[in-house]
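The values are calculated or read from the model by the stated rules, or taken from the named source; none is laboratory data. Since we're looking at a predicted model, the values are computed, not measured. Here the Cβ positions follow ideal geometry from the backbone for every residue, glycine too, while neighbour counts run over all protein chains shown. SASA here: full protein model, heavy atoms, side chains in, ligands and nucleic acids out. Shrake-Rupley method; radii C 1.70, N 1.55, O 1.52, S 1.80 Å.
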Amino acid sequence: MAYYYKEPSRTFSEYLLVPGYSSAACIPANVSLKTPIVKYRKGEEDPALTLNIPMVSAVMQAVSGDRMGIALAREGGLSFIFCSQSIESQAAMVKKVKKFKAGFVTSDSNIRPDQTLKEVLELKEKSGHSTVAVTDDGTSDGKLLGLVTSRDYRISRMGLDTKVETFMTPFEKLVWAKDGVTLSEANDILWENKLNSLPIIDENQRLTHFVFRKDYSAHKDNPNELLDSKKSLVVGAGINTRDFATRVPALVEAGADIFCIDSSEGFSEWQKLTIEWIREKYGDTVKVGAGNVVDKEGFRFLAECGADFIKVGIGGGSICITRETKGIGRGQATALIDVCEARDEYFKETGIYIPVCSDGGIVYDYHMTLALAMGADFLMLGRYFSRFDESPTNRLNINGNYVKEYWGEGSNRARNWQRYDMGGDSKLSFEEGVDSYVPYAGALKDNVGMTLSKIRSTMCNCGSLSLEELRAKAKITMVSATSIVEGGAHDVILKDRDISMMNR
């Protein structure tokens, strides 16, 4: 006979936090959001890798590219670059994040000298940047031959077929700096020469970066940057259970700091084999998280396989239809509570603490604080990050509203069959995700800052100054359907509504 759980499977919206005593020290500025992302033994001073904020971006085409990797690491989180692409392409994205230096921008507007004004204008329209690097091969690291800015051409007096080499500012007339210059030195050169941009070149005259005047203030203060021992940004990468033997070495070479097995269901021999291969080849030097699971049994399996963190959640993502397609999954809050209990039991038994990542089910910002109070060490977010400028999708105007494209890895658009692989044919047999839009929300920095302010403020209401303290002190209550209604605006006429319509 099938096993039946006695309690229903619940979501974050069915719970609220109850305030606790707040001392005078409980102010948001004193709250630390540092959290481990890999396992450690009891008594160790610090885990091998720690996040400065409890947020990572999902292993998804529509979320985690190199721009997201840079932006999120600068705020103290981490991105897992999506793996449903070629190994070469994924490795290149990882390298871009690792090569990033604050204030030093890799050029994404590049052209050859034999190209035309028309192509310059098309490139400007596509990238939105008026400074175009002219390199011998039209790449961001080619030999720098000149620059084109809006001051170098007049559309009304030049033909669109005019060659770039005839109107660019040639290298001989440029002010530039050698690779190795500090940001402070580069900014001094900008100001002394009244420049808007400063190209940085290596000993072979190959372009490495730009420093822009407009970025001066933007790069002054990023206290939460997540950096490795070499002062490079930390970045993760997704892997699958099919081509890991070739993908992992390439990503290690590219500089990936941590891996995450991208799978819809982690309680499988495929994950065990993947982790075993990594341990045999790299020992504990390569960190890898596994999942997803929704109960204690799944957690224990992956813990004994050697996972560095364990991801919780099946079917709770906004673009996931696994539950309605296959009837598989569990309410995210219930799954998280169960798995976190298993983590704590495992820690008492073995002295090994394995961080838990809550993946999915986040609708409102307060759900994040609830998930952290319920035991999650950090959160994996897809829809949340897909709305920002830094996600790799298109921004569109639909019926007067700006939106960003967002699709699931189980959709026909992504066709990430490896994520749903059960050892059969190399194809996606049916969809477990949808293709959709999400409201455009602007820059990551502004939105993440607002969300973290809410989390810190709520933690203060609970009398907690760290995530560990929040888990220990949190008081959580279940709410009724009527209580959920009471929690929003009710019995009033909102000012942005048309009162005449309300009277009809």
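Details
- Under Stokes-Einstein, with the Kirkwood radius over Cα pairs as Rh, the value for the range 198-291 at 37 °C and 0.692 mPa s is 203 µm²/s.
- Cysteines, the chain, no other Cys beta-carbon under 4.7 Å: 83, 260, 305, 320, 340, 357, 462
- Label-point separation, residue 365 to residue 253 (7 Å along Cα→Cβ), nm: 4.4
- Normalised contact order of the chain, rounded percent, pairs of Cα under 8 Å and 6 or more residues apart: 21
- Positive dipole terminus of the range 44-144, leading residue within 144, 65, 116 (C-beta point charges): 116
- Under the Karplus curve 6.51 cos²θ - 1.76 cosθ + 1.60, θ = phi - 60°, whole-Hz ³J(HN,Hα) for the range 285-291, x wherever Gly or Pro sits: 6, 9, 8, 9, x, 9, x
- Remark on the chain: hydrodynamic radius 24.9 angstrom, per the Kirkwood mean of 1/r across alpha carbon pairs.
- Rolling a 1.4 angstrom probe over the chain with all protein chains present gives an accessible area of which 49% lies on carbon and sulfur atoms.
- Placing dummy labels 7 Å off each Cα toward the beta-carbon, the span from residue 29 to residue 284 is 4.0 nm.
- Charge tally around residue 480: other residues with Cβ under 12 Å, Lys/Arg +1 each, Asp/Glu -1 each, net -2.
- Test item: Cα-centred dipole of the chain, Lys/Arg +1 and Asp/Glu -1 on Cβ, debye: 840
- Sum of -39500 (n - 2.57) over DSSP H runs of 4+, divided by residues of the chain (222 nm, nearest 500): -8500 deg cm²/dmol
- Spatial separation of Cα centroids for the range 362-401 and the range 120-171, in angstrom: 37
- Surface accessible to a 1.4 Å probe, per residue, for the residues of the range 203-291, Å²: 46
- Segments 70-79, 335-344 sorted - mean Cβ within 10 Å per residue, highest first: 70-79, 335-344
- Gain on full stretching of the segment that runs from residue 473 to residue 222 - 0.36 nm per residue minus C-alpha separation: 87.3 nm
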